[in-house]
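The values are calculated or read from the model by the stated rules, or taken from the named source; none is laboratory data. Predicted model, so just to flag it, every value in this text is computed and none were measured. All Cβ positions, glycine included, derive from the backbone under ideal geometry; neighbour counts span all protein chains shown. Ligands, DNA and RNA are excluded from the accessible area calculation, which covers all protein heavy atoms including side chains. Shrake-Rupley method; radii C 1.70, N 1.55, O 1.52, S 1.80 Å.
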Amino acid sequence: MPGIRFLVVFSSVLCCTVLRAAEDGATPVDRINTPPGFQAELLYSVPIGEQGSWVAMTIDPQGRFIVSDQHGKLYRVTVPAIGESGETKVEPIDLQIGMAHGLLWAFDSLYIMVNGKNKDDAEDDRFRTGLYRATDTDGDGNLDEVTLLMPMVGGGEHGPHAIILSPDGESLVITAGNHTDTVEFAESRVPLNWDEDILLDRMWDARGHAREKLAPGGWIAKVSPDGQEWELLSNGFRNEFDIAYNTDGELFTYDADMEWDFGTPWYRPTRVNHVTSGSEFGWRSGTGKWPEYYPDSLGSVVDIGPGSPTGIVFGTGAKFPAKYQKALFIADWSYGTVYAVHMEPEGSSYRGTTEQFMTAQPLPVTDMIVNPNDGAMYIAIGGRKTQSGLYRVTYIGDESTEPVSPGDEAGRDMRATRYMLEQLHGKIHPAVVDAAVPYLSHDDRHIRFAARVAIEHQPVDTWADRVLAADDTNTKIQGAIALARNGRPEHHAPLVELLNSIDWEGISRSRQLDLLRAYGLVLLRLGDGTDESRQSILQQIDGTFPTGDGDLDRELAKLLIALNAPGIAGRTLEALATARTQEDQIHYALVLKDLESGWSIDERKAYFNWFREAAAHRGGMSFGGFLQNIREEAVATLTDDEQKQLKDVLTAAPAPPVNPLAELETREIVQKWSVDELLPVVDEKLSQRSFEHGREIFTKAVCFRCHRVRGEGGMFGPDLTGAGGRFNNRNLLESMIEPSKVISDQYQKTTFLLDDGRVIEGRVINLGGNGMHVLTDMFDPSKLEIVERQHVEESLPSKVSLMPEGLLDRFTEEEILDLMAFLKSGGNPQHPVFAGVAKSE
């Protein structure tokens, strides 16, 4: 209720309490989990019928908060000082404007990013999408004039969002989701030659989301204080809601996934991105999303998993322990979690690990601010007309909260090299090519990327010959990508010749993936070329497929089908039949639909029979529609005679739903394993193991259905790529043998006791108004129950893990040892735990 404040101090690592019948008002703090020593206060529970649901915040020069209702007005909020009693005061701001997704006080003004309606749809100007500036023209302390600085096209939850101040304090930086049209940019650090760059036909989302939405996707721009000069900094996002700078002046964002894509190979998890100058992050609609390893895009600092990104903020200025001052705090609205992302320099970029900092169900965090006046973190919850509230988080533990030194010394030289190249972005000068070309061969991905972007801003004829004369592998590949994106059809043949000069067997896996992408871009941007040119590519790569590497085989299959390689239908079907995950299977089914010739009738039968079996697979809300659409497009390539011959398989009923554990349950129980029994065996014998057998057991134990390792597998459980470095043998065995012993609240189910006597158990994965969307079957992410808060009599954390028990009981000691080796290695076949790999000294 307004004016009532709650206070709680947590002394355990994470605490959980029974959730009683649904109260009116914002989530009480006794439901909120935080690390030891942190204190949470509920400063204000927003009366939703009067003041709406808050989604954006800023602080004015008097230390007051300005907030916005997602569908209504702006409010000024004055909170009691830390340690003082008193009520939070909320006043409406008398301005004809609202529906802001971004607010910033800067340059004696309030900047407002209205995420409302487009010009022709807006009922009045205050709801028209765009960037506005509000000022106090008469000096009475009240904002009284609003100016539309830049009208924008695109609204709703994928429209324009946050506004922040640049590190030098001279500009605004704004972010816009993938349904926001670009404005007229005065300058651009991104080469303005973006395209879809999808080698085979893309399929739009089966439910119609983002249909016809093309590159560049979501984007980030720097804006002059008067709102008239816009410079594009980065693009290729799905829906990056907020952005933040660290103390080194490096920009970061937390980008969204497409949850309807769960279970497909084109699903990309929510992830933290390092937003460097001129960067591209590869969002494309439908099945067209680029994998993170494409060299013409950049990857993530850390993958988070399913979720709904909203506000982010660095801990700079917070009176928190040192590691939290340096952390990036990111909010996942759907799962009610604030993560602290701890980053370490890696080359000229960063690598991150995550820690759950604040969790509850529900806790739909929308925005976060570190208040420079008191060193506390302020957190707003709300959005989508859900219950809103304002919280304050402070630290009262024993660790020092003295300010830490800004910046990271580690990696400074590498970042300086990248900065030098980034200063060339958008500049046209004869010296740029000489300065940038040597860095195309650099070992660091971000430096190579920065060098290529600098070159692409120059007239192509000033550097094309230099690329074609390159003798270093990285320079050949990066230069070929640049020339493919900027060149002319006459560059096709010499580029293919350049790429063909690279020895496939003599380069690393990463460079092999880069090479395949470079070939693809030549075909996409410069045309198919001559038959001789296409045949020369086949001579280089046709014999390599399949390699046994998931990513390489996906890219090879795609390119070989585009080139109509001999026998590719049969070889791709073999890869489909032996694929370990449903994601790999679906990839091969997707690319095969574009192969119109070269099939035998038996191969066609095998292909279409796969769709019958695939009906038992499960995924997100668009999953079934995607499979149906892939099949329909493949059927459309058949001749009338082929359709007659395939009538039986084309009209066969789909396979019935299958218990995902059914195949595992056909295995005989070896014995009821215990941790104490297996631990000494693992400690003694975890060497000279088999990587392939370990990965096979990981598949047979159904681990890939929920867990991802090195980009392969599902996303419903924790990513296990780094598990071997974080957990010892006992921890890993306990998580498999006793999964309910310790349950992370990130993956914990909730049991809801309803007033009609029903009991619903699952994870809250989304909210809307007064309803909670509860996932009740981890193997079927489209299976949701809607739980209305007013019908909940009691809710409590489940003591039973989502992970089934007894999974190891059907495997032998040797099989478990290989499985443990696979987990300890993080899916790296070169890990010294495997036979034939030398141990480092």
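Quick check: residue separation of D594 and K644 times 0.36 nm, minus the Cα distance between them. What number comes out in nm?
16.0 nm
Could you pull out every residue, at least 5 positions away or on a different chain, whose amide H is within less than 5 Å of the one on E794? Hs are placed 1.01 Å off N in the peptide plane, and Pro or chain starts have none.
Counting only residues 5 or more places away or on other chains, the set is L753.
Checking the table K73/K783; K427/K476; K476/K558; K558/K700 against a 29 Å threshold on Cα-Cα, which pairs fail?
Where the Cα-Cα span goes over 29 Å, the pairs concerned are K73/K783.
What percentage of the solvent-accessible surface of segment 331-394, computed with a 1.4 Å probe over protein heavy atoms, is contributed by carbon and sulfur atoms?
That share works out to 45 percent.
Under the rule of at least 5 residues apart or a separate chain, name every residue whose amide H is placed under 5 Å from the amide H of I93.
Long-range HN contacts for I93: L74, Y75, R76.
Would you mind computing the Rg to Rh ratio of segment 681-726 from its alpha-carbon coordinates, Kirkwood style for Rh?
Details: Rg = 11.6 Å, Rh = 11.6 Å.
For segment 681-726, the value is 1.01.
Whole angstrom only: what separates the Cα centroid of segment 33-55 from the Cα centroid of segment 351-377?
12 Å
Read phi for every residue in segment 772-785 and hand back ³J(HN,Hα) as whole Hz from Karplus 6.51 cos²θ - 1.76 cosθ + 1.60, θ = phi - 60°, with x for Gly and Pro.
Residue by residue, segment 772-785 yields 10, 8, 10, 7, 9, 9, 4, 8, 9, x, 8, 8, 10, 10 Hz.
Can you pull the Rg over Rh of segment 318-370, Cα-only, Kirkwood?
Using only Cα positions, Rg/Rh for segment 318-370 is 1.02.
Using the Kirkwood formula on the Cα atoms of segment 237-328, what hydrodynamic radius do you get, in angstrom to one decimal?
Final number for the Kirkwood radius of segment 237-328 is 14.1 Å.
Computed FRET efficiency, Cβ-Cβ of N564 and V635, R0 25 Å: what is it to the nearest 0.05?
After rounding, the FRET efficiency stands at 0.80.
How much of K605 can a 1.4 Å solvent probe reach, expressed as accessible area in Å² and rounded to 10?
About 90 Å², rounded to the nearest 10.
Suppose accessible area is computed on protein heavy atoms with a 1.4 Å probe; arrange V302, V742 from highest to lowest.
Solvent-accessible surface, decreasing: V742, V302.
Could you work out the equivalent-ellipsoid semi-axes for the chain, taking the square root of 5 times each eigenvalue of the Cα gyration tensor, largest first, in whole Å?
43, 36, 27
Going toward the positive end of the dipole of the chain, with +1 on Lys and Arg Cβ and -1 on Asp and Glu Cβ, which of T366, A557, L131 do you reach last?
Comparing the listed Cα positions along the dipole, A557 ranks first.
At 0.36 nm per residue, minus the direct Cα-Cα distance, what do T135 and D755 gain on full extension? Give it in nm, one decimal, please.
218.1 nm
Determine ³J(HN,Hα), in whole Hz, for all residues of segment 535-544 in sequence, where each value follows from phi through the Karplus function 6.51 cos²θ - 1.76 cosθ + 1.60 and θ = phi - 60°; x replaces Gly and Pro.
5, 5, 5, 4, 4, 7, 10, 4, x, 8
Counting heavy atoms of the protein chains only and a 1.4 Å probe, report the per residue accessible area for the chain as a whole number of Å².
I get 40 Å² per residue for this part.
Enumerate the calculated ³J(HN,Hα) couplings along segment 831-836 in order (Karplus 6.51 cos²θ - 1.76 cosθ + 1.60, θ = phi - 60°), each rounded to whole Hz, writing x wherever the residue is Gly or Pro.
In residue order, the calculated couplings are 5, x, 6, 9, 4, x Hz.
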